[in-house]
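Note sheet for the following structure.
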Amino acid sequence: MARAQLTVILTGKTSLSDQTMELEFQFVGDTTFQHKAGQFVQLLFEHEAKEYKRSYSIASSPEFFQDTEKLQIAISFVTDGVASAFFQSAALGTLMMLSGPFGVLTLPETIGGQLILIGTGTGIAPYRAMIPKLLTIADSDRNIIILMGGRHRSDIIYKNDFQELASSNPNINYRICLSRESPENLQKGEYSGYVQHQLNDLNLNPDKDITYLCGNPSMVDDAAAQLKDMLFESKKIKREKYVYSGH
């Protein structure tokens, strides 16, 4: 069944890094919109007399939406990208259409072991939407490991949110993996290399733990292959690839 298209208004634009931006939207009129942490929406917009549609993960929690009736998404800028050009120049107050939510990168009702969340770039956005739920899971004495990957320190988005989350509960471990930073320049909580290089050091249990992969397709494929080599079943590896449109 096709999802209804709802009118939203752009109410906020915040730079997250040189190549990413957070957009905030509010629905126009009454809406029954509801989402689960980890889902995404599709935005429909017009640029140079043509209509376009792009999918973006929701970066804000359902609790935030209940309190404010607003959604936040994180977008990456793509060279010569239509959506990038549109959103960079879009003024606050711009109206567009939204459909959704979609996606199954959501948390289960119960977790028997550790929860491992792995993301690169804006692939960390759905995990930010999970923060209230993650606190509840950690309070139930379950370990949560969050691995965020980027080339440089300046590429990491929502770092303060996750550092605050990790500092609030000893059951939450947040690691930043940087592939282009010099090892001698690494700071506390930072590691050299790719996120998948951390997997062998995490004492994972393939019978009980659940892993989530979101972001760069190469990372998702490489990490999934490594997890399968570690005897994780496919049902214990939830994944979502971010593939950028070429126009």
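Counting other Cβ atoms within 10 Å of each Cβ, which GluC sites (Glu not before Pro) in the range 57-143 have at most 16 and sit in a DSSP loop?
Glu69, Glu109
Using only the alpha carbon atoms of the range 5-102, find the Kirkwood hydrodynamic radius as the inverse mean reciprocal pair distance, in angstroms to one decimal.
Averaging 1/r across every pair of different Cα atoms and inverting gives 13.6 Å.
Using the Karplus equation 6.51 cos²θ - 1.76 cosθ + 1.60 (θ = phi - 60°), what ³J(HN,Hα) coupling, rounded to whole Hz, does each residue of the range 44-59 give in order, writing x for Gly and Pro?
Once θ is set to phi - 60°, the couplings for the range 44-59 become 10, 8, 10, 9, 6, 6, 10, 9, 9, 9, 9, 9, 9, 5, 7, 9 Hz.
Return the sequence-ordered ³J(HN,Hα) values of the range 158-168 in whole Hz as given by the Karplus equation 6.51 cos²θ - 1.76 cosθ + 1.60 applied to θ = phi - 60°, using x for Gly and Pro.
After applying 6.51 cos²θ - 1.76 cosθ + 1.60, I find 6, 4, 4, 4, 7, 5, 5, 4, 5, 6, 7 Hz.
Mind pulling up the Rg/Rh value for the range 115-241? Radius of gyration and Kirkwood radius, both on Cα. Walk me through the numbers before you get to the answer.
Numbers: Rg = 13.6 Å, Rh = 14.6 Å.
Rounded to two decimals, Rg/Rh equals 0.93.
Output ³J(HN,Hα) for the range 114-120: one whole-Hz value per residue in order, computed from phi by the Karplus curve 6.51 cos²θ - 1.76 cosθ + 1.60 with θ = phi - 60°, and x for Gly and Pro.
So the Karplus estimates, Gly and Pro as x, are 7, 10, 10, 10, 10, x, 10 Hz.
Once the convex hull of the alpha carbons of the chain is built, what does its volume come to per residue, in cubic angstrom?
Dividing the Cα hull volume of the chain by its residue count gives 137 Å³.
FYI, it's all coordinate maths here, none of it is from the lab. Values in this document were obtained by computation on a predicted structure and should not be read as measured data. Because the Cβ atoms are built from the backbone with ideal geometry, glycine has one as well, and the counts that use them run over all protein chains shown.
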